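Data first, discussion second: the structure below is written as structure tokens.
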Amino acid sequence: MELITLNSTIETLLNHRSIRKFTQKPLTREQIETIVESAQMASTSSFIQAYTIIGVKDEAKKAKLAELAGNQPYVEHNGHFFVFCADLHRHKTAGSMENTDVTASIESTEKFLVAAVDAALAAQNAVIAAESMELGICYIGGLRNDIEAVGELLNLPDYVIPVFGLAVGEPAAESSIKPRLPLTHIYHEDSYERNEKAFTKGLEEYNSTISAYYDLRTAGKRKDRWTEQMAGMLKEPKRLHMKGYLEKKGFMKH
């Protein structure tokens, strides 16, 4: 078996962890622009580039976003806060500039998926750029708790929605790497692995790994299993306002 020599990029990827406590040192303009330029170089479906990144520097807005996200302090206290938006507004404008009606296309479920995926790809490029500069990051899905209020705060037009936030900054405290699912659970070859007995066995083994991780990290205060955690989280549906908001903003009408 050929041995793979880890380079600095792979080491950065494999050492990812979420940071939830930052110093108050702001990112420099050069750091911000490098992160955004790196995000822009992510792959994009058919060169559509269906996303916008909003950097939030205003302290009052950051405080409000922290509140809307579930009172998460690291939304307010960080080096810089980015909001990644799925954006087809500029494509509506592009159609108008070319005297072409693109409404039916940009209001389709397919184009919403394209915009959401484009935003996620750009964000992950931004994350790798930030982490390569020894900065920490934390994704903030909690912005969707009250997505309409977030959209109003950021003055988002139709065909633009905030998908998630990204807190970036100098870490004030390190965190440990959380063990991921076994590779055999994530990577299947030629078809989806349907051996439920082996599937369940793999999850049981992962439960033991995660339980031990939480036990060590919390000095015995927490030992929940991954399947227990997922079942508890998914027991009741959340953010059921999303479908109505997406349709209101012009997305997923057909």
Points 7 angstrom from Cα along the Cβ direction at R239 and K57: gap in nanometres? 2.8 nm
Quick one: 3J(HN,Hα) in Hz for segment 187-198, Karplus 6.51/-1.76/1.60 with θ = phi - 60°, rounded, Gly and Pro as x. 10, 10, 10, 6, 7, 5, 6, 10, 7, 5, 5, 5
With -39,500 (n - 2.57) per DSSP H segment of 4 or more residues and division by the full residue count of the chain, the 222 nm estimate, nearest 500 deg cm²/dmol, is -13500 deg cm²/dmol
Taking a label point 7 Å from the Cα of L203 along Cα-to-Cβ, the residues of segment 211-248 whose backbone nitrogen sits under 14 Å from it are 225-235
For semi-axes √(5λ) of the Cα gyration tensor in Å, the listed values are (1) 53, 22, 16; (2) 32, 24, 21; (3) 31, 24, 16; which was obtained by calculation from the structure presented? (2)
Just to check I understand the Karplus step: with θ = phi - 60° and J = 6.51 cos²θ - 1.76 cosθ + 1.60, what whole-Hz values come out for segment 36-42, glycine and proline as x? 5, 4, 5, 4, 5, 8, 5
Report the antiparallel proportion of the DSSP beta bridges in segment 17-175 as a percent, rounded to a multiple of 5. 95 percent
Check: C-alpha center segment 215-240 vs C-alpha center segment 187-210, spacing in Å is 19 Å
Excluding residues fewer than 8 places away in the same chain, name every one of the lysines whose C-alpha is closer than 21 Å to that of K25. K57, K61, K62, K64
Between Q229 and Q49, with labels modelled 7 Å along Cα→Cβ, what's the label distance in nm to one decimal, could you check? 3.8 nm
Students often forget the sequence filter, so: which lysines lie under 25 Å Cα-Cα from K253 once same-chain residues fewer than 8 apart are removed? K92, K111, K238, K243
Which whole-Hz ³J(HN,Hα) couplings does segment 20-30 yield from phi under the Karplus relation 6.51 cos²θ - 1.76 cosθ + 1.60, θ = phi - 60°, glycine and proline marked x? 10, 8, 10, 6, 8, 5, x, 5, 6, 4, 5
Tell me, how many Å apart are the Cα centres for segment 62-86 and for segment 90-111? 31 Å
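Where a number appears in this text, it was derived from the coordinates with a stated rule and is not lab data. Since the structure is predicted, the reported quantities are computational estimates derived from the model, not experimental observations. Neighbour counts run over all protein chains shown; Cβ positions are idealised from the backbone, glycine included.
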